[in-house]
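S.K.: Shown below is the structure under consideration.
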Amino acid sequence: MLSKISSALFLLLFSTLLITQAQAEIAATSIYSTVGKSVYQIRVINKQTGDKSSIGSGFVINKENILATNYHVVSEYINDPDLFRLEYLATNGEKAPLELIDFDIVHDLAVVKSKKPMGTPLTIAPLPPKGAILFSLGNPMDLGFTIVKGSNNGILAKAEDGNILFSGSLNPGMSGGPTLNKEGHVIGVNVATSGNAISFLVSAEYLNIILDRLEKNNYKPVEDRFAHSAEQIRASSKKIVNKILNNKWSSKHIGNITVPERLDKSILCWDASRKPKKDDLLRSYLTTCSNRDNIYVSDSLNIGTINYDYTWMQTKDLSPTRFYRHYEKRNHSIIGSRANKRDVTNFSCHTDFTQIASQDFKTTVCRRDYIKYEGLSDMMFTTALVGKENKGFLFNLDFTGTDSKTALKLFTRMLETFKWKK
Amino acid sequence: MEKVILETIQRGVHRYHKIDSFPVTIGRAFDNDIILQDVTISPHHLAILNENGAYQIHNLSNENGTKVNKNKIGNEPVEVSLPANLQISGLKARLLATDMKVEETRVQDCSGLFCIFSSPIWATLLLVVTIALFFVDRYLSTPVVKEPLWYLSNVLPSVWVMLGIGILIASISRLSTHRWEVIPAISIASLIFLVPQVFEYIGHFMAYLFTSDGLGSWLKNSAKFLIIPILLATFIVKTVHSKWLPAIGVAVLAYSPFLAYQVLGLVDELSLMSGFSKVPSYSHTLLPKDIRLNKTISLEQFAKEAEKATSLNVERMLKKAKEKEEKES
């Protein structure tokens, strides 16, 4: 009797699985035929050579002549409109120019306009529950229109940019393509992949914000692209830092000092202390923390990073002179950024001695500004404990692409929470 | 009859020929009064005459000829006044009066610090102090337990280089005075290593004292560029008894390969300062003794001052960069 029941249950389960699979296949086939005509390849063309410099995907949204894609697909054109132009390529081989009208550099979205109707506009729908089947469309590796099936794993809780984790294999070239629910509505835009079916989508709600803005100003193109980018990055950085300032920070002890550890769920901390060796005469401990988000600006520039680290050094056996030789060597902070002289000014630094947690520290603030992105700075802060003969403590904090005042506020707030324990 | 002297300078060697009677013939042939062995000189090259107390040079050579005070003379006797510079073909010579004043004697002077450097005790002490500094420096920068032999093997190459430089300096005195001035050479070689190191320590201390690397780097560069040529020039003046100007010339020449290297480094440093650098430049120095001129200030005051100072500088740089960009476009 029991074996009959279990056989029946197995059959029921198996048939349910088969039905779901069949439904998914039907959905994929119908999406391929109905939505396929609204998805295009977006190309950045070098004006001099006429060859494509980068490709991605895009889809018709809101209006028949409006297409959405990723910022990073068209970034070369945005940063250098004199050298490049935009065009689309349809599945039937048709090509025509496109005009950039708006973008969201923080969430990696761009909206372009065509002179002629491009097909039926897709519609945006809310994100389905976790586990729901999703279909991602695009033109991977320039191989032709493709549909990839995967599942929704929800919005990433630990990241600041609110991307959706998609378990499906996105490939280069699919960036900017739509990801649809099984009803064929857009829930996200393909943006990145980490391989092994771990892919990321930009939530369609951010695309909605741009489309609302465009509707209000009658689809008027953005005038000053750099000012537009700067404003968005600054606002995003301010939002993140202000959120951090309002968070309740966890703390940790490092040597004689208690310091804030994780400032936000988007920040991860790691122990990076060197493993002690037998003949070491000094011990050092290092904790590094960083946010995992950064904003793609161009193929040679990513900004929006927040990094900080704490180093504690102490010795019983080294003389103060010998100890300070090594302590000083560690007091060299740099900022991890690929920005070059076309992007930023030189650093300007200010150093003085400050009182933190009733101890004396040699503290430095360095700032450099972005040349094209007004009001954006890279900030580097460092402070070193002084006056202790056999103990040293270093704290470094750096930001790329931030508002200098907000960053300074976070630095001072962090220092104010330091506590010295004997 | 008044006597004159013919000074010939051949391969750096000065020879003096006293002339009592006139005419006197000069040439490569053995029947001359003065025989000069140089293949460019004719067998009967010239004669020196004395006509009623006036000296005359009579060129007899049809090959390479004779110059008097840099002017080539013909085959007629030419009257000269003493002292006269002659060039007998390729050979330099002077015709001098016996009562001509000679240069003042240079007294071997052991005044000032150099006297200390010539003393074997002080030279040894300097050498020992410098080698000890090599050890101390290596010891300070090693944060692990090491055997004394490890330090020795690390320090030995520097010691060999220092002794090598000492021998090089001593050879300057050997070449010019035929004496080996080893003791002062060792002192100078030690100082060449010791002084820049001491300057660096002072610069380091100053950098912390003033919370600025400016003075320190000035001291470091002055040690690199000035101290070594000054030490070499002092050595030349004191041992070879040369005058200061030529001594400085020789010192700069001898130091020029290293100088070129240092100049290259300085140019790099300057271009980094004036050009773009990804690395922020700030005062990194930390000292075990917290001796400084800047007082400790509150965090609030620091934040205000830092914001003001960096904003001003960055705005200035930004303005410059934008002007440059506009110019380029």
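The values are calculated or read from the model by the stated rules, or taken from the named source; none is laboratory data. Quick caveat: nothing in here was measured; it's all calculated off a predicted structure. Note that we place each Cβ from the backbone using ideal geometry, even for glycine, and neighbour counts take in every protein chain shown.
S.K.: Hey, among the residues in the range B:284-322 that are out of contact with any strand residue (DSSP E or B) (no Cβ under 9 Å at 6 or more places or on another chain) and crowded, with 16+ Cβ neighbours inside 10 Å, which one's nearest to the other protein chains (Cβ to nearest Cβ)?
M.R.: B:Pro288
S.K.: Tell me which residues, restricted to the range B:112-143, are among the polar types (S, T, N, Q) and either touching a Gly at 6+ places or on another chain (Cβ under 6 Å) or within 13 Å of another protein chain (Cβ to nearest Cβ) (or both). Full working, then the answer.
M.R.: Residues of the range B:112-143 that are among the polar types (S, T, N, Q), as a first pass: B:118-119, B:124, B:130, B:141-142.
Selection gives B:Ser141, B:Thr142.
S.K.: Still on this structure, please answer the following. If you go through the range B:236-244 one residue at a time, do you hit one that is in a helix (DSSP H, G or I), exposed (fewer than 15 other Cβ atoms within 10 Å of the Cβ) and on the phi < 0 side of the Ramachandran plot?
M.R.: Just the residues of the range B:236-244 that are in a helix (DSSP H, G or I), to begin with: B:236-240, B:244.
From what is left, the residues that are exposed (fewer than 15 other Cβ atoms within 10 Å of the Cβ) are B:244.
After this cut, where a residue has to be on the phi < 0 side of the Ramachandran plot as well, the list is B:244.
The answer is yes, given that some residue of the range B:236-244 is in a helix (DSSP H, G or I), exposed (fewer than 15 other Cβ atoms within 10 Å of the Cβ) and on the phi < 0 side of the Ramachandran plot.
Yes/no per residue for (1) assigned to a helix (DSSP H, G or I); (2) farther than 24 Å from A:Asp378 by Cβ; (3) among the polar types (S, T, N, Q); (4) modelled with pLDDT of 90 or more:
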position: B:Leu253; (1), (2), (3), (4): yes, yes, no, no
position: B:Leu272; (1), (2), (3), (4): yes, no, no, no
position: B:Ser277; (1), (2), (3), (4): no, no, yes, no
position: B:Tyr282; (1), (2), (3), (4): no, no, no, yes
position: B:Glu325; (1), (2), (3), (4): yes, no, no, no
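S.K.: Also, quick follow-up: Select from the range A:317-336 the residues that are of a type in the set (S, T, N, Q) and within 7 Å of another protein chain (Cβ to nearest Cβ) and write down the one among them that is surrounded by the fewest Cβ atoms within 10 Å (Cβ to Cβ). Even if it seems obvious, please write down each step before you answer.
M.R.: At the first step, the residues of the range A:317-336 found to be of a type in the set (S, T, N, Q) are A:319, A:321, A:331, A:333.
Checking which are within 7 Å of another protein chain (Cβ to nearest Cβ) leaves us with A:321, A:331.
Details: A:Thr321: 14, A:Asn331: 21.
Once the filter is applied, the top-ranked residue is A:Thr321.
S.K.: In addition: Which of (1) within 7 Å of chain B (Cβ to nearest Cβ); (2) assigned to a loop (DSSP other than H, G, I, E, B) does A:Ala339 not meet, given it meets every other one?
M.R.: A:Ala339 satisfies every listed condition except (1).
S.K.: Kindly check whether there is at least one residue in the range A:378-393 that is assigned to a strand (DSSP E or B), at the interface with chain B (Cβ under 8 Å from one of its Cβ atoms) and within 26 Å of A:Leu301 (Cα to Cα). Before the answer, list the steps.
M.R.: Residues of the range A:378-393 assigned to a strand (DSSP E or B): A:378-385, A:391-393.
Okay, now just the ones that are also at the interface with chain B (Cβ under 8 Å from one of its Cβ atoms), so A:380, A:382, A:384, A:392.
Narrowing the set further to residues that are within 26 Å of A:Leu301 (Cα to Cα) leaves A:380, A:382.
Taking every residue of the range A:378-393 in turn, at least one turns out to be assigned to a strand (DSSP E or B), at the interface with chain B (Cβ under 8 Å from one of its Cβ atoms) and within 26 Å of A:Leu301 (Cα to Cα).
S.K.: Look through B:Arg174, B:Arg179 and report the one residue that is outside any helix (DSSP H, G or I) and either assigned by TED's automatic domain parsing to the domain that holds B:Met162 or more than 22 Å from B:Leu163 (Cα to Cα) (or both). Break it down into steps so the answer makes sense when it comes.
M.R.: Working: B:Arg174 fails: outside any helix (DSSP H, G or I).
When all the criteria are applied, what remains is B:Arg179.
S.K.: Between a first residue in the range A:398-417 that is assigned by TED's automatic domain parsing to the domain that holds A:Ile240 and on the phi < 0 side of the Ramachandran plot and a second residue that is crowded, with 24+ Cβ neighbours inside 10 Å and of a type in the set (Phe, Trp, Tyr), which pairs have beta carbons less than 6 Å apart while being 6 or more apart in sequence or on different chains?
M.R.: That search, which allows pairs on different chains as well, returns A:Ala407/A:Phe399; A:Phe411/A:Phe381.
S.K.: Something else about it: Could we say that A:Thr406 is of a type in the set (Ser, Thr, Tyr), more than 9 Å from chain B (Cβ to nearest Cβ) and outside any strand (DSSP E or B) here? Explain how you work it out, then say what you get.
M.R.: Values: of a type in the set (Ser, Thr, Tyr): yes; more than 9 Å from chain B (Cβ to nearest Cβ): yes; outside any strand (DSSP E or B): yes.
When the stated conditions are applied, A:Thr406 passes them.
S.K.: Test B:Asn85 against the criterion of being more than 19 Å from B:Gln10 (Cβ to Cβ), of a type in the set (S, T, N, Q) and free of Cβ contacts under 8 Å to residues at least 40 places away in the same chain, and give yes or no. Before you say what the answer is, go through the steps one by one.
M.R.: Details: more than 19 Å from B:Gln10 (Cβ to Cβ): no; of a type in the set (S, T, N, Q): yes; free of Cβ contacts under 8 Å to residues at least 40 places away in the same chain: yes.
For B:Asn85, the condition - more than 19 Å from B:Gln10 (Cβ to Cβ), of a type in the set (S, T, N, Q) and free of Cβ contacts under 8 Å to residues at least 40 places away in the same chain - is not met.
S.K.: For A:Gly162, indicate whether it is among the small types (Gly, Ala, Ser) and surrounded by 17 or more Cβ atoms within 10 Å (Cβ to Cβ).
M.R.: Working: among the small types (Gly, Ala, Ser): yes; surrounded by 17 or more Cβ atoms within 10 Å (Cβ to Cβ): no.
No: the conditions fail for A:Gly162.
S.K.: Search the range A:378-393 for residues being at pLDDT 95 or above and of a type in the set (S, T, N, Q), and hand back the single one that is farthest from B:Phe276 (Cα to Cα).
M.R.: Checking each candidate, the answer is A:Thr383.
S.K.: Hey, can you tell me all the residues within the range A:345-357 that are at the interface with chain B (Cβ under 8 Å from one of its Cβ atoms) and not charged (D, E, K, R)?
M.R.: Within the range A:345-357, the first condition is being at the interface with chain B (Cβ under 8 Å from one of its Cβ atoms), and the residues that meet it are A:345-356.
The answer is A:Thr345, A:Asn346, A:Phe347, A:Ser348, A:Cys349, A:His350, A:Thr351, A:Phe353, A:Thr354, A:Gln355, A:Ile356.
S.K.: Please determine whether any residue of the range B:199-210 is farther than 30 Å from A:Thr363 by Cβ, more than 14 Å from the chain's Cα centre (by Cα) and assigned by TED's automatic domain parsing to the domain that holds B:Ile167.
M.R.: Just the residues of the range B:199-210 that are farther than 30 Å from A:Thr363 by Cβ, to begin with: none.
No, the range B:199-210 contains no residue that is farther than 30 Å from A:Thr363 by Cβ, more than 14 Å from the chain's Cα centre (by Cα) and assigned by TED's automatic domain parsing to the domain that holds B:Ile167.
S.K.: Additional query: Just checking, how many residues over the range A:296-316 are touching a helix residue (DSSP H, G or I) at 6+ places or on another chain (Cβ under 9 Å) and either at pLDDT below 90 or part of a loop (DSSP other than H, G, I, E, B) (or both)?
M.R.: 2
S.K.: Filter the range A:59-84 down to residues that are within 26 Å of the chain's Cα centre (by Cα) and within 19 Å of A:Ser298 (Cα to Cα), then give me how many there are.
M.R.: Within the range A:59-84, residues that are within 26 Å of the chain's Cα centre (by Cα) and within 19 Å of A:Ser298 (Cα to Cα) number 15.
S.K.: What number goes with the only condition from (1) farther than 30 Å from B:Gly12 by Cα; (2) free of Cβ contacts under 8 Å to residues at least 24 places away in the same chain; (3) charged (D, E, K, R) that B:Lys224 does not pass?
M.R.: Answer for B:Lys224: the failing condition is (2).
S.K.: In the range B:53-62, is there at least one residue being of a type in the set (Val, Ile, Thr), in the same structural domain as B:Leu91 (by TED's automatic domain parsing) and surrounded by fewer than 18 Cβ atoms within 10 Å (Cβ to Cβ)?
M.R.: Taking the range B:53-62 and keeping what is of a type in the set (Val, Ile, Thr), we get B:57.
Then keep just the ones that are in the same structural domain as B:Leu91 (by TED's automatic domain parsing); that gives B:57.
Still in the list and also surrounded by fewer than 18 Cβ atoms within 10 Å (Cβ to Cβ): none.
No - not one qualifying residue is present in the range B:53-62.
S.K.: Given the criterion loosely packed, with under 15 Cβ neighbours inside 10 Å, more than 30 Å from A:Asp82 (Cα to Cα) and within 9 Å of chain A (Cβ to nearest Cβ), identify the matching residue among B:Ser271, B:Ser256, B:Ser281. Steps first, please.
M.R.: Details: B:Ser271 fails: within 9 Å of chain A (Cβ to nearest Cβ); B:Ser256 fails: within 9 Å of chain A (Cβ to nearest Cβ).
After applying the criteria, what remains is B:Ser281.
S.K.: Right, something else. Go over the candidates B:Leu82, B:Leu86, B:Leu96 one by one and state the one that is surrounded by 14 or more Cβ atoms within 10 Å (Cβ to Cβ), part of a loop (DSSP other than H, G, I, E, B) and either at pLDDT below 90 or away from every other protein chain (no Cβ under 14 Å) (or both). Break it down stepwise before answering.
M.R.: Details: B:Leu86 fails: part of a loop (DSSP other than H, G, I, E, B); B:Leu96 fails: part of a loop (DSSP other than H, G, I, E, B).
Matching residue, one of B:Leu82, B:Leu86, B:Leu96: B:Leu82.
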